[in-house]
Amino acid sequence: MEKLYADPSGKSAQLDQYAASAALKNAETDAKSTHERGLINVGDVAATNPTATKVDTSGKVPNVMISSCLDISRWQTVNAKTKKAVSLPDNRLTKYMIVSAVEKYPQGWRVTKDEPQGKSC
């Protein structure tokens, strides 16, 4: 995600190695919208305290639901040309709960869905 949002071309991210389905489409769409406004995101993103909340390895496609805290506090939105920070709302969450679905593909595990929970962590 960090590479996708930092690169206006989106080509260096290779996000399809980590995400698929709705998660991949939503990330690509959101990053494209950000880039079309002349913005990029730089810095670090961290998912902390991951907890498997549901595991199903018996079906055709093994899958796991993971709850974690997404920390975007060190991820800064900047103007792509000037690299100057842009103002963002003071009340936005920079550490929030997210629930992710991951599925086992032939090439490995992929995030298929991310659902921010709207709660700080």
inquiry  = Nearest 10 degrees is fine. How inclined is helix 21-36 to the longest principal axis of the chain, computing both from alpha carbons?
reply    = 0 degrees
Dipole of the chain [Lys/Arg +1, Asp/Glu -1 at C-beta], most positive-end residue of Tyr18, Leu39, Ala101 = Leu39
request  = Just need the relative contact order of the chain here, percent rounded to a whole number, with Cα pairs under 8 Å and 6+ apart.
outcome  = 24 percent
request  = Using +1 at the Cβ of each Lys and Arg and -1 at the Cβ of each Asp and Glu in the chain, identify which of Ser120, Asn49, Val78 lies farthest towards the dipole's positive end.
outcome  = Val78
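Rounded to two decimals, what is Rg over Rh for the chain when you use alpha-carbon atoms and the Kirkwood radius?
Numbers: Rg = 15.4 Å, Rh = 15.4 Å.
With Rg and the Kirkwood Rh in hand, the quotient comes to 1.00.
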note = For Trp75, the residues 5 or more places away or on another chain with a placed amide H closer than 5 Å to its own amide H are Asp44
remark   = Sorted by chain and number, the residues with a modelled amide H under 5 Å from that of Ala80, at a separation of 5 or more or across chains, are Leu39, Ile40
message = Taking θ = phi - 60°, what integer Hz values does the Karplus form 6.51 cos²θ - 1.76 cosθ + 1.60 yield along the range 71-87, in sequence order, with x for Gly and Pro?
response = 10, 10, 5, 9, 10, 10, 8, 10, 5, 4, 7, 8, 6, 8, 5, 9, 6
remark   = Given backbone amide H placed at 1.01 Å from N, residues whose amide H is under 5 Å from that of Ala19, ignoring those fewer than 5 places away on the same chain, are Val111
query = Which ³J(HN,Hα) values, rounded to whole Hz and listed in residue order, are derived for the range 96-111 from phi using the Karplus coefficients 6.51, -1.76 and 1.60 in 6.51 cos²θ - 1.76 cosθ + 1.60 with θ = phi - 60°, glycine and proline given as x?
reply = 9, 6, 9, 10, 10, 9, 10, 10, 8, 9, x, 8, x, 6, 10, 6
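Every read-out reported here was derived from the displayed coordinates using simple, explicitly stated rules and does not represent laboratory data. This one's a predicted model, so the numbers in the text were calculated from it and none came from an experiment. Please note: Cβ atoms are built from the backbone with ideal geometry, for glycine as well, and neighbour counts cover all protein chains shown.
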